[in-house]
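Structure record follows, encoded as structure tokens.
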Amino acid sequence: MTTTIPKSPAPARRRLPAPLRRFLSNRLAVVGLFVLLIFAVAALLASWVAPYDPAQIFFSDLRAAPSAAHPFGADELGRDIFSRVVYGARVSLSAGLISVTLALVCGGGIGLIAGYVGGWLDDVLMRVVDALLALPFLVLAIALAAILGPSLQNTMIAIAIVTAPAFARITRGEVLSQRERDYVQAAQALGAGNGRLITRHLLPNISGALIVQTSLAIANAILAEASLSFLGLGIQPPAPSWGSMLNAARGYLTDAPWMAVFPGLAIFLAVLAFNLIGDGLRDALDPRGKIG
């Protein structure tokens, strides 16, 4: 009599988490992520990617058309536009990431306190937030940058201040929605303190909305930094910035259109990439989305 040895069951195929699979199934979001990775690599490796120093002047190449020596052409001082666009990516991405991180921490903290504590403190904090939201985003950023003075650091502070109210409003709304859920009531009944309720229950469940808002806010921050630099309120020459490059190109749109085309295209692609990623994240993190 032969004995049959049962085969061990094949290990279950590891599958990607559902939100990641939903994100990767969104082709536009993947395209946006790919474009963002290109900008990120260019910004991090600017000294290796850029063929020239962004401030190096070539008097023989004033407003030179795109060529093998200058793939994006040269500006009014003979500086290589490709090198300046690459180094400008470092300025724009750092301004967007740092300013939005500050806005997330400050605005999210205000919204968390207002939504969790409630009462008169909620009323006071939200009226301040409403007053800031009533002012046009760019107008307030210009006013703050003008008061603080022209520099990249002050530009990031100004952008963070005008971006924080949106985070405060979203965070408060999410906290008000989540704190009445059964799992929060159960945790309170079991004796969980405020710190545990916030860190272990509320924050993980509102993080999805904040992640989506962060990606979209970075796109707005890049536009704001470019606008402030265009007006001379951002990083100062000769440091490269996409906005200041557009400002310098205004007088040469007919003779040297490439001076405006390439930094403008860089702004367009960077903002589009973050918007596509934000839309993809919103669909991927939606608990009602279908798991593909």
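The values are calculated or read from the model by the stated rules, or taken from the named source; none is laboratory data. Just so you know, these numbers come straight off a predicted model, no measurement behind them. Here the Cβ is made from the backbone with ideal geometry for all residues, glycine too, and neighbour counts use every protein chain on show.
Find the residue count for segment 160-199, including only residues that are assigned to a loop (DSSP other than H, G, I, E, B) and either modelled with pLDDT of 75 or more or among the aliphatic types (A, V, I, L, M) (or both).
Residues in segment 160-199 being assigned to a loop (DSSP other than H, G, I, E, B) and either modelled with pLDDT of 75 or more or among the aliphatic types (A, V, I, L, M) (or both): 5 in total.
Residue-wise test of (1) more than 18 Å from the chain's Cα centre (by Cα); (2) more than 30 Å from His201 (Cα to Cα).
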site: Gly119; (1), (2): yes, no
site: Phe137; (1), (2): no, yes
site: Asn154; (1), (2): no, yes
site: Val162; (1), (2): no, no
site: Asp182; (1), (2): yes, no
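Residue by residue, here is whether (1) among the hydroxyl-bearing types (Ser, Thr, Tyr); (2) touching a Pro at 6+ places or on another chain (Cβ under 8 Å); (3) closer than 16 Å to Gln213 by Cα holds:
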site: Leu62; (1), (2), (3): no, no, no
site: Ile113; (1), (2), (3): no, no, no
site: Val128; (1), (2), (3): no, no, no
site: Phe137; (1), (2), (3): no, no, yes
site: Gly149; (1), (2), (3): no, no, no
site: Thr163; (1), (2), (3): yes, no, yes
site: Thr171; (1), (2), (3): yes, no, yes
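Within segment 53-88, the residues that satisfy the criterion of being small (Gly, Ala, Ser) and assigned to a helix (DSSP H, G or I) are Ser60, Ser83, Gly88. Comparison of Gly208, Gly234, Gly251, Gly280 shows that the only residue that is under 22 Å from Leu102 (Cα atoms), part of a helix (DSSP H, G or I) and not aliphatic (A, V, I, L, M) is Gly208.
Restricting Ala64, Ala131, Ala103 to residues that are hydrophobic (A, V, I, L, M, F, W, C), modelled with pLDDT under 95 and either over 23 Å from Phe230 (Cα atoms) or buried (at least 22 other Cβ atoms within 10 Å of the Cβ) (or both) narrows the list to Ala131. What are the residue pairs meeting all of these: first residue in segment 55-83, first residue farther than 19 Å from Gln236 by Cα, second residue of a type in the set (Lys, Arg) and part of a loop (DSSP other than H, G, I, E, B), Cβ atoms under 7 Å, and 6 or more apart or on different chains? Sorted first by the residue in segment 55-83, then by its partner, the pairs are Ala74/Arg63. Evaluating Leu202 against the criteria (1) part of a helix (DSSP H, G or I); (2) more than 26 Å from the chain's Cα centre (by Cα) leaves one unmet condition, (2). Against the conditions (1) farther than 22 Å from Ser207 by Cβ; (2) out of contact with any helix residue (DSSP H, G or I) (no Cβ under 6 Å at 6 or more places or on another chain), Val105 satisfies every one except (1).
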